[in-house]
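The structure under discussion appears below in the form of structure tokens.
The values are calculated or read from the model by the stated rules, or taken from the named source; none is laboratory data. Only a predicted model underlies this, so the values are computations on that prediction, with no experimental measurement involved. When we count neighbours, we look across all protein chains shown, and the Cβ atoms used for this are built from the backbone with ideal geometry, even at glycine. When the accessible area is computed, the model is the full protein with side chains, heavy atoms only, and any ligands, DNA or RNA have been set aside. Shrake-Rupley method; radii C 1.70, N 1.55, O 1.52, S 1.80 Å.
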Amino acid sequence: MNRILLICFVLMSALMGEALAQRTVSGKVTSSADGEGLPGVTVQVIGTNTGVVTDLGGNYRIQVPEGSSTLEFSFVGFTSQRINIGNRSVVDVVLREDIQSLEEVVVTAFGIEREKRALGYSVQEVEGENLNRTNESNVINALQGKVAGVNINNTSGTLGGPSYVTIRGASSALGNNQPLFVVDGIPIDNSTYRGPLNVRDGAAPGNAAADINPNDVESINVLKGPTAAALYGSRAANGVIVITTKKGRKDKRLGVDVNSSVSFSRPLRLPKYQNEYAQGYGGAYSIIDESWGPRYGSDALQGVEDWKGETVNITAQPDNIRDFYETGVNYTNSVSLNGGTDVADYRFGYTNVSETGILPNTDLSKHNFTLNAGLKLHEKVSTRASVSYVKTNADNLGVQGQNGSSIPLQFMWLPRSINVSQLRDYRNHEGTQDATGTQRRWINYFENPYFSLYENTFGQNRDRVIGNVTFNYKPVDWLDFTFRAGTDTYSDRRTQKFAVGSDAPYSQGGFYNDQYNVSETTTDFIATLNRDLNEDFNLNVLVGHNMRIRNMENLFLEGRNLIAPGIYNASNALNYPAPVNDLFQKRLVGVYGEAQLSWRDIVFVGATARNDWSSTLPKNDNSFFYPSVNGAVVITDLLNLSGSVVDFGKIRASWAQVGNDADPYLLSTVYERPIIGNFPGTDISFPFAGTPGVTVGDNIGNAELVPEITSSWEIGADVRFLKNRIGIDFTYYYSNTRDQIVNVSIPQSTGFTSYTLNAGEIENKGIELMLNVVPVRTDNFEWNTTFNFNRNRNKVVALAEGLDQIALGGGQVLRPGYPYGTWYQQGWNRTANGDLIINPATGLPAIGGEQKDLGSAQPDFNLGFQNSISYKGFDLSILFDWRQGGKFLSYTNTVYQYAGQTEETLLGREEDLIVEGVILTEGGEVANNIPVSGQRFWKANIFQIEPSLYDASFIKLRELRLGYSLPSAWYGRTPFSNIQLAIIGRNLWIGNTGQPHIDPEVSTYGADNAQNIEYGSIPSTRNLGVNLRFSF
Amino acid sequence: MKIYIKKIYFVFTILLCSLFSCEDFLDVNENPNNPTDSEPEYLLPSSQVVFMTLHHGAYNRTASLWVQQLASSYSQYEEEDTYDVQPSFFSFEVYMTALEDAAMVVQKGVEEEDPNIEGIGRIWQAYMFSVVTDLWGDIPFTDALQGREVIQPKYDEQSEIYPAIIGMIDAGLAKLNEDADSFGSADLIYGGDVQSWVKFANSLKLRMYMRMTNVAPAVAEEGVRSVVGQALITEASENAELAFGTDPQNENPIYQWHADPSRRGDLAASRTIYTLLSQRNDPRLEAYFQRNTPAIPGADADEIIGIPNGLKQNYPAGFSIMNSNLIDDPTRPAPIITAREVYFLRAEAAVRGWSGESAAELYNSGIEAAMNAFGITDESAIANYLARPNVAFPANAGVEAQLNAIWTQKYLALFLQGVEAYSEWRRTGVPAISPARNNITGGEFPLRFLYPQTESERNSNFPGVEQITEPVWWGLNLNN
């Protein structure tokens, strides 16, 4: 006891003695943004090792040795300040947020925040603020143009339509190419389920990640390469989008934030129609679904019978389609409550989206409730829970594609002289029923568009809960145990109705209900150790265990031939062809570890390893292991360059592998119920007049599957100059995925359509360049420019032996030596020097000969160009999104040409054309001199690939926001604060496209690997609105 | 590090296994949705129904248009009707469905040593292959249906496929055994009756040997001689047919096309068959077609009107659709091989001197059977018809005139058996028809189906596009 006292005394004396040569300086560090105290700011006496950290209120107290007079205040995300304190004993400091270094802390695997400088791989962050500038409700679309290397296609103007996102190109031949979405550490589902039956082809329900409300997002970190993602395991091979939701502020006061907007949408682009020739064929008027009739004003159009049987003069209807589309209206209202104390914080958010589409009678509403709360139970134990409930409801989304109720399909065949508004009365009145039943049609083969939209509705109803709980135990400050369990569970039900009088097979009415019950449950147990080994070295080790259970159940019930019209209930149909009741289960167990060693915060090396056991691989061989290594060096600190022109410079490099397992049940061939189509009738199926039947399934299973492996490396540099006014982040990456698990499409003559095997190798390489410039920065005025550039080169290296190519869909194939999604098909017959070969019998060129490369969907580059300007209370943000190169296939265009609807078909109407080309004769090539009518010429292109391919380039004015923060003096006495008004716009302009009719970004396949394919898509929209935000 | 990780593995594996058995946790990959094995009793009906849906449905329609028994009245089928077809119009789904299921029936029959399962399976598969090669010419045959063993099947020449199919029939016949177990009701054609399958097999061989008369006359003669005296289908009750059902998913394909009122007028009587029938005052004209033409206002409602093929617009006078008996009965059976066809084959054999039978009798029996098949049973009406100068068998004329008479009557008999009518027309050139109007082939006839797009996309052994205007091996080149 005495001994202890003695030691204490000696220590105290020593401290007292020290104190004699020191003085105490104290003060408060606050943030320039909100004036609140900043906890955790490092206060360092320059030239010494003395340093302290501010407390929760931002207060500090530091002993400054004699002879020292400069303090440095530094905090991640803020510009460091050095202050000569002179003789002052109280020094209050306001730190300004450093826009350049806001990304300094990034969220990496498992929600672990890491200093960006320590990473040997590329991670790019988008803050919630930047994400949500225009109140786009689909979080994926809100990322467009904001992250280099991330390619996003939002696929049509369908309300809530799907978006397809890839990072650094497609790497999986036929599997999933989209990144993993992780919300607060728990992977969520981003599937776009579309059933296998033809009837379901027309609908484009949205992808599941769209349920994340951008208003609730604190930040999104995009982990681009496998290194960043390796710890997440199998599904991270395509990168990870890590979403961190907002938490409550540690502020005892209750804060309320309100964000409201209303915006209006119109079609961004409609086809350029011809308005000179009427309905008809061969120059003569007739009731037909084409516009090759007489010129308006000619006698042939006077006093003729129209589709209604009335005698009229046929006139041009230049706006018949434009006027059909309505102005869509979107109301998004969001309110959040938040607050907290030192031991607890919470945030509750509610967002309501209510919108109507450009198609009449389409709508979508969404309610999103989110609660995120944290509680410190004990000094060493804390817990956090977050839960979101999202309800999406649409009475009618409208359908597209080849579905009989698809408006775009109907319009392709709608003659230019038909006044669509005359179809608004879409039922035949009693006593005048014609052979087509109760639907009032202008021609037998097409539905009345109003009938389609008001009677044959396609609705969607999704209830979803995403939630997780985290327990954290920190026995000592260098050791941390975290257990996290989370789930994403939803039920997604689509309901299509077919009223009596619809096209076959629903002439007597019908419906289908297509329901998906999806649940994904994940647990992680993670231990982290973070120790300074000595003054120079710090070691950070993580080990973890992961379990994942994923279930998907599909219930599909189609009913045909209603007993009582208008009742779309399973008890009210006569027939139920091919119900589906499928369950898919998948489970995975993984263990993983990571070690990071750093030297003086200047040199960093790290390694990760993970081993997974998957239920979907062969039982005896279901384990797979994959490692990664990475390193980074902060050159500026290593060479002590601080203070020079270069503020910061870092180089980094990494290498990683990620393994990926298979989908369930691919190991064996199965037997199925036979179904065979009988166009234009119904499918023929079993039981057949009481006799049961089964057929050998279409896919050949494979009991020898091995996991697919993606190997990747990247090098990069991050450099900032001129007081962080210029920042450049550059990455070169290469990745290669081999042993791909694919259901290879094989010729039907094998007796099957596909075969599951490990086939092929695909590589991606490219560069990402992020350039951030602040051309002007004054007290009142700041102009910030960001470029996000990506150029990806994709190549299919090899396929399975004996396999020349794999069909992807829409004529796209995978073929060694060519990029993913190349149209390798027969094209126009041409001579050696490229002249079209004309068929002397027709005067037209013909498709034939060898298959060849007609182009691919891969763009040359993507560039996002964002400018934000703030001047006093005003802020202006403009984002351009430029995609250059690649092809897209539009059958819509060639169908329009076939039917003589678009303006190019004016060519050759009055006088025949002579197609430029040659005729092969025995005497050699002769210039073509055979006239053909324009009608024949334009009809030759339909559903042919080469004439339907167009340049896929575009530049879009993706986002525009002009905001004004009301001076607080105006409302200083009210409880309100931070009142902002803004004009917001999305997709306001499009240019640089290869054809004038269709937005090349749309894709009828939706979120599918076959991209840039369009046939009968609903036009994309341009949106303009106003936004109001305030707090109290 | 590795050792460390291994320790961690160990700890966690223990931890995990204390909660669940590891094996059990991951043991969820048994497919709960579909079986992984089946029985011939379920596979044969699948094969029969699917094949006859294609054969009586899509194949029949295109063939009937091209052989001008039907014509496209509205634009629904105007591409086919003007020979303006694309590879995407055609499909080899027959391989992955009907043919694969039959192959599995044969395999199960061999494995389980069930001679009738194997035998019926082989004969049925041979029949289907004969139809597929008749339509497409050279097709994947020896390499076909091998699944993962051959994922890029090569194409065999039709001249080699024909004898191979006949070999399959013989192999099947050799297995058939009346004393052994057979299919029961699962055989939707013959209820597993072995003797009926013997007759079917022989009749099929007769058809196939006769098909080779242009290109392998010696083989044809020898084959016909060998089979013409065997048990053949001679009675309507022995006809190979597949009856459809009343459930919407079991209906006759042609019925289905007409079930939707808006589709009812898509297919009309072709002027070619209309002319041949009306020239003979043939009672089948009324049995095949309807008088009224409901869709065309102002047309004469009391005429049967045949319209030219390839018209691409409404015919001003209207048109006739098929008789209500043919399109309003969902269960109407699809013929496969019938006694009437066999009579005409035997008549031809007799004319060629390959049998001792009476050509005239067989010819008359064929016509009578054909009339009966379409509900014309009035014997005096049939007798009157048979006595008409342009119908009566030209017993005293030359072989060519006799064959012409037989082939013409066969063409008239094979209504709604478009595939066989089309094949026989391609073999014989009878009746003489003119190319469809507005054809895009420069006046050439379509003499085969196009290979489907899936083959050119997926099969590296795809031999290249054969234009529809190229004849198949056994066919006449009607485009010269």
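Counting only protein heavy atoms and a 1.4 Å probe, tell me what percentage of region B:58-171's accessible area is made up of carbon and sulfur.
43 percent
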Name all residues of region B:34-75 having a backbone nitrogen under 20 Å from the label point set 7 Å from the Cα of B:R148 along its Cα→Cβ direction, giving them as ranges. B:34-38
Work through the residues other than A:V217 whose Cβ is under 14 Å from its Cβ and net out their charges, Lys, Arg +1 and Asp, Glu -1. -4
Give me D for chain B in µm² s⁻¹, whole number, from Stokes-Einstein with Rh from the Kirkwood sum over alpha-carbon pairs, 25 °C and 0.890 mPa s. 101 µm²/s
Given a Förster distance of 25 angstrom, what is the FRET efficiency for A:L988 paired with A:S968, based on the Cβ-Cβ distance and rounded to 0.05? 0.20
Given a Förster distance of 25 Å, report the FRET efficiency between A:R830 and A:Q884 from their Cβ-Cβ distance, rounded to the nearest 0.05. 0.40
Under the definition of Cα pairs under 8 Å and six or more residues apart, what whole-number percent is the relative contact order of chain A? 11 percent
Cut-off 15 Å between beta-carbons: net charge of the residues surrounding A:V915, Lys and Arg +1, Asp and Glu -1: -4
Centroid-to-centroid separation of region A:524-562 and region A:382-419 [C-alpha atoms, Å]: 33 Å
Within 10 Å of each Cβ in B:92-101, the average number of Cβ atoms from other chains: 6
Listing of region A:667-691 residues, each with accessible area lower by at least 40 Å² in the full protein assembly than in the chain alone (probe 1.4 Å): A:V670, A:Y671, A:I676, A:N678, A:F679, A:P680, A:I684, A:F686, A:F688, A:T691
Along region B:348-357, what does the Karplus equation 6.51 cos²θ - 1.76 cosθ + 1.60 (θ = phi - 60°) give for ³J(HN,Hα), rounded to whole Hz, x for Gly and Pro? 5, 4, 5, 4, 6, x, 9, 8, x, 7
Protection proxy ranking of A:316-327, B:161-172 - average other beta-carbon atoms within 10 Å, highest first: B:161-172, A:316-327
Roughly how crowded by other chains is peptide A:828-841, in terms of the mean Cβ count from those chains within 10 Å of each of its Cβ atoms? 1
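Taking a ≥ b ≥ c as the square roots of the Cα gyration tensor eigenvalues, with a/c under 1.5 meaning rounded and otherwise prolate when a/b beats b/c, else oblate, which class fits region B:159-264?
oblate
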Along the Cα-to-Cβ line of A:R295, 7 Å from the Cα, sits a label point; which residues in region A:901-931 have backbone N less than 11 Å from it? A:909-911
If one takes the longest principal axis of the Cα atoms in chain A, at what angle in degrees, from 0 to 90 and to the nearest 10, does the Cα axis of helix A:2-20 lie? 80 degrees
Per residue, how much space in cubic angstrom lies within the convex hull of the C-alpha atoms of region A:790-834? 130 Å³
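Give the relative contact order (percent, whole number) for region A:593-709; include only Cα pairs under 8 Å separated by 6+ residues.
Values: 203 pairs, mean separation 26.5, N = 117.
Relative contact order of region A:593-709: 23 percent.
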Label region A:739-812 by shape, choosing from rounded, prolate and oblate, from the square roots a ≥ b ≥ c of the eigenvalues of the Cα gyration tensor; if a/c is under 1.5 it is rounded, and otherwise prolate applies when a/b is larger than b/c, oblate when it is not. prolate
Cα centroid of region A:832-878 to Cα centroid of region B:392-407, whole Å: 64 Å
Under the Karplus curve 6.51 cos²θ - 1.76 cosθ + 1.60, θ = phi - 60°, whole-Hz ³J(HN,Hα) for region A:950-962, x wherever Gly or Pro sits: 10, 4, 8, 5, 7, 10, 10, 7, 6, 9, 9, 9, 10
Residue-averaged 222 nm ellipticity for the protein assembly as shown, from DSSP H runs of 4+ at -39500 (n - 2.57), nearest 500: -5500 deg cm²/dmol
Given a 1.4 angstrom probe, I'd like the percentage of the accessible area of region A:883-1012 that is carbon and sulfur, rounded to a whole number. 56 percent
Of the DSSP beta bridges with both residues in chain A, give the percent that are antiparallel, rounding to the nearest 5. 95 percent
In region A:495-540, which residues give up 30 Å² or more of accessible area once the other protein chains are added, compared with their chain alone (1.4 Å probe)? A:A504, A:S507
1.4 Å probe, heavy atoms, protein only - residues of region A:745-759 losing at least 10 Å² accessible area vs chain alone: A:S745, A:I746, A:P747, A:Q748, A:S749, A:T750, A:G751, A:F752, A:T753, A:Y755
When all C-alpha to C-alpha distances in the protein assembly as shown are sorted into bins of 20 Å, what percent of pairs does each bin hold, rounded to whole numbers? 8, 32, 33, 17, 7, 2, 0, 0
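With every protein chain present, what is the per residue accessible area of the protein assembly as shown (1.4 Å probe, Å²)?
37 Å²
Taking a probe of 1.4 Å and counting only protein heavy atoms, give the total accessible area buried between chains A and B in Å², rounded to the nearest 100.
Working: alone 43290 and 21190 Å², together 56490 Å².
In total, this chain pair buries about 8000 Å².
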Chain B: relative contact order from alpha carbon pairs under 8 Å, six or more residues apart, as a whole percent, is 21 percent
For region A:731-761 and region A:453-486, distance of Cα centres in Å: 33 Å
